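Trainee: Handing you a structure now.
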Amino acid sequence: MLPLLLGLSLLVGAAGVIALWRLAAAVEQRTAQAAVQQLLAIFGPAAAAVRENPRQLLSWYPLAQNSRTLFPAAFAELDKAFGGSFPFTKEQLQAAHARCSADWLAWKRAHDAEFSVKAAQVQDEIARGGGQATPLLRTRLAAVEQEKLERYQQRYEEYVKTAKALAAFVE
């Protein structure tokens, strides 16, 4: 009778160990799936925002890279599912850099056109006044040129900072 009880005890103990092992595996799988879902919830909207405004990468890309370090298994699963580096592929980084440059060039053309019109208006007033610029008109013309330069310098500084950061992400 004692060997039978001992055998049953071992059998129940082994079944308990197997049940605990399966439970631990199920909990681990749920935890991994929860991490993937949370990363999708965080970075899915970020990927869409970056497509609208490439400058958003300056905030989102470092966060994504640090998150990759913290959750390598979840990102590996996401990379596999999305067929590339989630949430931002190298191609998306390159496209963001190209768009930033294109936006800069478009802004520069518009800026030049805007201030050409402003300067022409003042010069037209000078011409209507007989070609002699009054001190007020000279001051207005100088102010237009100064504003043009200041806005250009400010925007160019932003562009260079953004373009350098985006280029560094691609490397």
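Trainee: Could you please let me know if Gln94 is within 30 Å of Gln38 (Cα to Cα) and not basic (Lys, Arg)?
Mentor: On the way: within 30 Å of Gln38 (Cα to Cα): yes; not basic (Lys, Arg): yes.
Criteria met by Gln94.
Trainee: Suppose we filter the stretch 68-100 for residues that are closer than 15 Å to Phe169 by Cβ, out of contact with any Leu (no Cβ under 7 Å at 6 or more places or on another chain) and assigned to a helix (DSSP H, G or I); how many remain?
Mentor: 8
Trainee: I would also like to ask the following. I'd like to know if the stretch 115-136 contains one or more residues that are surrounded by fewer than 12 Cβ atoms within 10 Å (Cβ to Cβ) and under 23 Å from the mean Cα position of the chain (by Cα).
Mentor: Taking every residue of the stretch 115-136 in turn, none turns out to be surrounded by fewer than 12 Cβ atoms within 10 Å (Cβ to Cβ) and under 23 Å from the mean Cα position of the chain (by Cα).
Trainee: Can you confirm whether Ala46 is outside the structural domain of Arg155 (by TED's automatic domain parsing), farther than 30 Å from Gln146 by Cβ and touching a residue at least 40 places away in the same chain (Cβ under 8 Å)?
Mentor: Working: outside the structural domain of Arg155 (by TED's automatic domain parsing): yes; farther than 30 Å from Gln146 by Cβ: yes; touching a residue at least 40 places away in the same chain (Cβ under 8 Å): yes.
Against the criterion (outside the structural domain of Arg155 (by TED's automatic domain parsing), farther than 30 Å from Gln146 by Cβ and touching a residue at least 40 places away in the same chain (Cβ under 8 Å)), Ala46 qualifies.
Trainee: Another question, then. Tell me which residues, restricted to the stretch 120-134, are at pLDDT 90 or above and of a type in the set (Gly, Ala, Ser). Reasoning before the result, please.
Mentor: To start, the set of residues in the stretch 120-134 that are at pLDDT 90 or above comprises 120-128, 134.
Of everything in the stretch 120-134, those that are at pLDDT 90 or above and of a type in the set (Gly, Ala, Ser) turn out to be Ala120, Ala127.
Trainee: Examine the stretch 10-32 for a residue that is at pLDDT 85 or above and farther than 30 Å from Ala143 by Cβ, and state whether such a residue exists. Can you show your working first?
Mentor: Just the residues of the stretch 10-32 that are at pLDDT 85 or above, to begin with: none.
Looking for residues that are at pLDDT 85 or above and farther than 30 Å from Ala143 by Cβ, one finds none in the stretch 10-32, hence no.
Trainee: Would you check if there is a residue in the stretch 89-100 being more than 11 Å from the chain's Cα centre (by Cα) and closer than 24 Å to Arg30 by Cα?
Mentor: Checking the stretch 89-100: not a single residue is more than 11 Å from the chain's Cα centre (by Cα) and closer than 24 Å to Arg30 by Cα.
Trainee: Another question, then. Can you tell me which residues in the stretch 57-75 are surrounded by 13 or more Cβ atoms within 10 Å (Cβ to Cβ) and either within 17 Å of Gln37 (Cβ to Cβ) or more than 17 Å from the chain's Cα centre (by Cα) (or both)?
Mentor: Scanning the stretch 57-75 gives Ala64, Ser67, Arg68, Phe71, Ala74, Phe75.
Trainee: Now, a different point. Taking Glu145 as meeting all but one of (1) in a helix (DSSP H, G or I); (2) modelled with pLDDT under 95; (3) surrounded by 11 or more Cβ atoms within 10 Å (Cβ to Cβ), write down the number of the exception.
Mentor: Evaluating Glu145 over (1) in a helix (DSSP H, G or I); (2) modelled with pLDDT under 95; (3) surrounded by 11 or more Cβ atoms within 10 Å (Cβ to Cβ) leaves (2) as the failure.
The values are calculated or read from the model by the stated rules, or taken from the named source; none is laboratory data. As the structure is a prediction and not an experimental result, all values here were calculated from the model. Backbone-built Cβ (ideal geometry, glycine too); neighbour counts: all protein chains shown.
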